[in-house]
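The values are calculated or read from the model by the stated rules, or taken from the named source; none is laboratory data. Just so it is clear, the model here is predicted, and its values are computed rather than measured. FYI the Cβ positions are ideal-geometry reconstructions off the backbone, even for glycines, and counts take in every protein chain you see. For accessibility, only protein heavy atoms count, side chains too; no ligands or nucleic acids. Shrake-Rupley method; radii C 1.70, N 1.55, O 1.52, S 1.80 Å.
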Amino acid sequence: MWPEVVVIARSIKTLILEIVTGSGTSHLREIYLRVVEFRPEVPQHTVRARLSDMSRSESLEEKLNSFGNGFYGPYEENRELCSVVSYPDRGPWGDGSYRGNCSGYLVKVLILRFNCQSVFDPTEGGGTVKDVVAGINHFPRKDIDYEGRDLRLGWDILTGRLPERQFDLVWYHPPYWDIVTYSDDPNDLSNCRSLEEFELKLNRSVERLFQSVKPGGVMAVLIGDKRKDGRYYSLFRSLLSNPNSGELKALIIKLQHKCRSDSVGYHSRNPFLIPIKHEYCLVFRK
Ligand SMILES: C[S@@+](CC[C@H](N)C(=O)[O-])C[C@H]1O[C@@H](n2cnc3c(N)ncnc32)[C@H](O)[C@@H]1O
């Protein structure tokens with residue numbers, strides 16, 4: 001005979017998996033559980049998770065391999081990618097304290113979706129993309145070739161020698177003009193004195209980087225807009241009419257979280273000061 005089960009109410013329980021390190025908490029995954037039946041004698045139903053350690057004497061590598069790729073949620077391909085993405089945390093990759101750093105989720109999705117075997121990050125900053133590639137290489141066991149450069153490492157995107165080889169993906173995350181100033185180098189894109197100068201250097205750098213993309217490969221440019229003295233600047237607009245940056249295949253709007261404008265509320269004196277809470281990822285194909 002079946003135990004008596006009474007349907008009290010339908011409910012969705014959320015299990016949130018997080019990794020907690022010295023530098024804070026990173027959101028790994030949310031699992032939604034549709035609960036349709038409760039035991040009537042229990043007043044509260046909670047979802048609990050237990051984290052268990054494996055014995056050190058076991059071969060950890062063998063054990064991890066036996067779980068297969070799907071076990072590593074952060075490295076699964078997101079097949080539901082659409083033109084709006086939102087990652088409330090930046091993930092466990094790169095230096096979270098590097099100003100203007102990006103989340104690793106979108107670049108990870110692009111690497112997996114386009115099955116990239118080689119990735120070039122010319123403005124490496126805090127090393128987000130480097131860590132994403134290292135993670136993909138380690139967990140889903142790939143062998144992606146990575147190269148990273150940056151002005152702070154002594155390489156200038158406007159004049160420096162490009163790598164000898166070409167890449168499946170060039171991920172370009174330039175400064176958003178002068179929102180964050182990275183150095184006092186005159187070629188630093190964050191030092192441009194006008195929008196015109198920024199657009200000139202942005203286009204020049206994109207054209208140079210395009211030479212580093214393999215035919216059929218992808219160049220993704222992550223860039224935001226900015227507002228200064230009440231004026232709105234669309235920083236990427238000139239890229240859309242540049243014939244030397246490839247064919248625009250997608251424009252992904254990425255919501256921004258924890259940005260400065262979070263603290264800016266409604267301005268009754270200037271109702272046009274609508275806080276900017278998104279950036280763009282332009283996906284070009286060569
Ligand atoms: C928005 S940050 C990149 C952040 C990086 N994606 C991360 O997650 O940490 C922009 C980077 O562009 C670099 N940069 C600025 N001008 C440059 C130039 N002319 N050549 C190479 N790198 C440059 C800055 O040093 C800075 O690290």
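Brief remarks follow.
- Range of Cα positions in segment 69-285 per principal axis (Å), largest first: 55, 39, 31
- Max mean-square fluctuation residue, GNM over the chain, Cα-Cα springs under 10 Å, options VAL47, VAL107, VAL85: VAL47
- Overall dimensions of segment 74-156 as given by Cα atoms, namely Rg and Dmax in Å: 12.7, 39
- Relative contact order for the chain: 14 percent, from Cα pairs under 8 Å spaced at least 6 residues apart, divided by residue count.
- Helix-only CD estimate at 222 nm, as mean residue ellipticity for the chain, using -39500 (n - 2.57) per DSSP H run (n ≥ 4): -4500 deg cm²/dmol
- Accessible surface comparison of THR25, THR159, THR123, probe 1.4 Å, protein chains only, largest first: the order is THR159, THR25, THR123.
- Most mobile listed residue (GLN211, GLN117, GLN44) in the chain, GNM with C-alpha springs under 10 Å: GLN44
- When only the Cβ of Lys, Arg, Asp and Glu is charged (+1, +1, -1, -1), the dipole of segment 11-52 relative to its Cα centre reaches about 80 debye.
- For segment 69-285, DSSP calls about 60 percent of its internal beta bridges antiparallel.
- Net charge contributed by nearby residues that have their C-beta within less than 9 Å of THR123 (K/R +1, D/E -1): -2
- Sulfur and carbon atoms: percent of accessible area, segment 69-285 [1.4 Å]: 50
- Solvent-accessible heavy-atom area per residue, rounded to whole Å², over segment 11-52 at 1.4 Å: 88
- Both radii are taken from the alpha-carbon atoms of segment 113-209; with Rh as the Kirkwood radius, Rg/Rh is 1.01.
- Per residue, in Å², the accessible surface of segment 146-286 once ligands and nucleic acids are set aside, probe 1.4 Å: 53
- Taking amide H as placed 1.01 Å from N in the peptide plane, TYR146 has its amide H under 5 Å from the amide H of VAL119, each at least 5 places away in sequence or on another chain.
- The fraction of accessible area contributed by carbon and sulfur in segment 11-52 is 51 percent, rounded to a whole number (1.4 Å probe; ligands and nucleic acids excluded).
- A Gaussian network model of the chain, with springs between Cα atoms under 10 Å, assigns the largest mean-square fluctuation among VAL42, VAL170, VAL221 to VAL42.
- Dipole magnitude for segment 183-286: computed about the Cα centre from +1 point charges on Lys and Arg Cβ and -1 point charges on Asp and Glu Cβ, it is near 340 debye.
- Computed about the Cα centre, the dipole magnitude for the chain is approximately 660 debye when only Lys and Arg (+1) and Asp and Glu (-1) carry charge, each at its Cβ.
- Taking 25 °C and 0.890 mPa s as conditions, segment 166-286 diffuses translationally at an estimated 158 µm²/s according to Stokes-Einstein applied to its Kirkwood radius (Cα pairs).
- Put simply, the amide H of VAL213, placed in the peptide plane, has neighbours under 5 Å in PHE167, leaving out anything fewer than 5 places away on its chain.
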